[in-house]
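The values are calculated or read from the model by the stated rules, or taken from the named source; none is laboratory data. What you see is a predicted model; the values in this text were computed from it and never measured. We place every Cβ from the backbone using ideal geometry, glycine too, and count neighbours over all the protein chains shown. Please note that ligands, DNA and RNA were not included when accessible areas were found on the heavy atoms of the full protein model with its side chains. Shrake-Rupley method; radii C 1.70, N 1.55, O 1.52, S 1.80 Å.
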Amino acid sequence: MGSRETSDAIASAHTTFYSWSKLTASERSKALRKWYDLIISNKEELALLMTLEQGKPIKEALGEVNYGASFIEYFAEEAKRIYGDIIPPTLSDRRLLVLKQPVGVVGAITPWNFPLAMITRKVGPALACGCTVVVKPSEFTPLTALAAADLALQAGIPAGALNVVMGNAPEIGDALLQSTQVRKITFTGSTAVGKKLMAGSADTVKKVSLELGGNAPCIVFDDADIDVAIKGSLAAKFRNSGQTCVCANRILVQEGIYEKFASAFIKAVQSLQVGNGLEESTSQGPLINEAAVQKVEKFIKDATSKGAHIMLGGKRHSLGMTFYEPTVVGNVSNDMLLFREEAFGPVAPLVPFKTEEDAIHMANDTNAGLAAYIFTKSIPRSWRVSEALEYGLVGVNEGLISTEVAPFGGVKQSGLGREGSKYGVDEYLELKYICMGNLN
Ligand code: ADP
């Protein structure tokens, strides 16, 4: 599909907006709830499709179906709680009201690493608010998107309320940007494309929310519980084979615990099973494509040429194709690509540090600001460091922190806006102030 099909989808979303937004919140809620039920009752099929097209192990795929569905369930409930306000007036013959109304047609562009959840996290709140949507899923994972859209149809969500276009990404993107009917762009993906979409939204002054790349620090202090730190950093690093924007990208380890942590961490990484995602025992699937493997290779070469040393892995897996060995790299420093950019692969760089101040400085020494993790047993330190980190999400003694009930989003160049939670609906609403005068 290209610009013509995208324009057709926008027109269909625009027409449907007038009927969908007029339904009661309860009617929209019921349709969303039905969609949720259908996703859950087709969970195995969806997970299988996801593993086949994206490569994540089946257990993780099942986890994503539950996680993805949770946004539909949550926003089905939230649809009924989108309250306005009545403001005490400044003149006695007036009444001042604030209405919350849907922004209109939404263009949602999503990535391949969470083929279902990145769609439902946008479409759930959009539909709940009364918006209609044109989704452009990643070209690498169109099937999960189509299956989810088909289930939405079965649930009674009208075809025009949820449209899926796929094909030529820049052409589809430009058609969404140029349309005056599309009032909002919501995007998850690379920082480079996000910036293009933000700039492209200026012409028609669209609302924009962006979830872009991260460069997550995972800070392990001397006073951490080592087992908790190993479990948490392993989960934060190797989920989806390192291919998430909240994956620990740099593991900063305080000098006093560095050797002990490194040897226990390597042992844990050695236990990760690489292979076919359809096998129950697999915990690490392939990378998404050859370009992803080449990026990891480039980062490893850069790090070793600057003095880092490979402690485990460091090369393509013997399975071939796009499998890469779970890797641990020691003595990484801030002049290396592994420190400065997202590797988006199964590579854990260990970076030694001396003091808490050093760790905070190193953690914040980046343009990204999505997720950060800290491991410490000290409560005062948890507060101090959490507050000093320039990040949208902080995990304290925990490596997996995303949930539909909490706000997800970044600061600095990691993005704009929040998804999920009660805050997630704000991105799809406009405030309207109504002044009723001369009431005496
Ligand atoms: P990733 O590295 O995660 O694949 P991308 O930003 O390249 O990140 O892709 C995320 C989404 O953005 C995908 O759906 C992709 O097709 C889409 N995309 C890529 N380039 C453009 C563009 N110029 N306009 C609109 N969408 C784009």
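Set side by side, the residues Phe187, Phe140 differ, and just one is within 12 Å of the ligand (Cβ to nearest atom), touching a residue at least 40 places away in the same chain (Cβ under 8 Å), open to solvent by 50 Å² or more (accessible area, probe 1.4 Å) and not in a helix (DSSP H, G or I), which is Phe140. When the test is whether a residue is touching a Lys or Arg at 6+ places or on another chain (Cβ under 9 Å), open to solvent by less than 50 Å² (accessible area, probe 1.4 Å) and within 16 Å of the ligand (Cβ to nearest atom), Phe323 does not pass it.
Among the conditions (1) within 24 Å of Ile266 (Cβ to Cβ); (2) open to solvent by 10 Å² or more (accessible area, probe 1.4 Å), the only one that Leu431 does not satisfy is (1). Given the condition buried (at least 19 other Cβ atoms within 10 Å of the Cβ), more than 21 Å from Gly189 (Cα to Cα), touching a residue at least 24 places away in the same chain (Cβ under 8 Å) and out of contact with any Ser or Thr (no Cβ under 7 Å at 6 or more places or on another chain), answer yes or no: does some residue in the range 396-406 qualify? No, the conditions are met nowhere in the range 396-406. Could you tell me whether Lys231 is within 24 Å of Leu393 (Cα to Cα), within 11 Å of the ligand (Cβ to nearest atom), outside any loop (DSSP other than H, G, I, E, B) and charged (D, E, K, R)? It is false that Lys231 is within 24 Å of Leu393 (Cα to Cα), within 11 Å of the ligand (Cβ to nearest atom), outside any loop (DSSP other than H, G, I, E, B) and charged (D, E, K, R).
Screening the range 195-208 for residues that are more than 7 Å from the ligand (Cβ to nearest atom) and assigned to a helix (DSSP H, G or I) and picking the one that is surrounded by the fewest Cβ atoms within 10 Å (Cβ to Cβ) gives Ala199. Scanning the range 86-109 for residues that are open to solvent by 10 Å² or more (accessible area, probe 1.4 Å) and of a type in the set (Val, Ile, Thr) yields Ile86, Ile87, Thr90, Val98, Val103, Ile109. Residues in the range 150-180 that are outside any helix (DSSP H, G or I) and either surrounded by 18 or more Cβ atoms within 10 Å (Cβ to Cβ) or within 16 Å of the ligand (Cβ to nearest atom) (or both): Ala155, Ile157, Leu162, Asn163, Val164, Val165, Met166, Gly167, Asn168, Ser179.
Residues in the range 286-299: is at least one in contact with a Lys or Arg (Cβ under 8 Å, 6 or more places away or on another chain) and under 19 Å from Pro57 (Cβ atoms)? Yes, the range 286-299 contains a residue that is in contact with a Lys or Arg (Cβ under 8 Å, 6 or more places away or on another chain) and under 19 Å from Pro57 (Cβ atoms). Do the conditions hold for Ala216, that is, is it farther than 25 Å from Glu53 by Cα, touching a strand residue (DSSP E or B) at 6+ places or on another chain (Cβ under 8 Å), touching a residue at least 12 places away in the same chain (Cβ under 8 Å) and more than 11 Å from the ligand (Cβ to nearest atom)? Taking the combined requirement at face value, the residue satisfies it.
The requirement of being within 16 Å of the ligand (Cβ to nearest atom), closer than 24 Å to Gly242 by Cα, of a type in the set (Gly, Ala, Ser) and open to solvent by less than 50 Å² (accessible area, probe 1.4 Å) is fulfilled somewhere in the range 52-61, by at least one residue. The test for being at pLDDT 95 or above, among the acidic types (Asp, Glu) and more than 23 Å from Ala236 (Cβ to Cβ) holds for Glu279. Within the set Cys218, Cys245, the sole residue that is open to solvent by less than 70 Å² (accessible area, probe 1.4 Å) and part of a strand (DSSP E or B) turns out to be Cys218. Any residue in the range 41-53 that is over 23 Å from the mean Cα position of the chain (by Cα), free of Cβ contacts under 8 Å to residues at least 60 places away in the same chain and more than 30 Å from Cys435 (Cβ to Cβ)? Yes - at least one qualifying residue is present in the range 41-53.
Scanning the range 247-288 for residues that are charged (D, E, K, R) and under 23 Å from Val228 (Cβ atoms) turns up Arg250, Glu255, Glu259, Lys260, Lys267. Which is touching an Asp or Glu at 6+ places or on another chain (Cβ under 9 Å) and not basic (Lys, Arg), of Pro286, Pro346, Pro326? That would be Pro346, the only listed residue that is touching an Asp or Glu at 6+ places or on another chain (Cβ under 9 Å) and not basic (Lys, Arg). Listed by first and then second residue, the pairs linking a residue in the range 296-313 that is more than 13 Å from Asp335 (Cα to Cα) and at pLDDT 95 or above to a residue that is hydrophobic (A, V, I, L, M, F, W, C) and part of a helix (DSSP H, G or I), with Cβ atoms under 6 Å apart and 6 or more places separating them unless they lie on different chains, are Met311/Ile266; Leu312/Ile266; Leu312/Val269. Candidates are the residues of the range 281-302 that are within 16 Å of the ligand (Cβ to nearest atom) and among the charged types (D, E, K, R); the one that is most open to solvent (accessible area, probe 1.4 Å) is Lys298.
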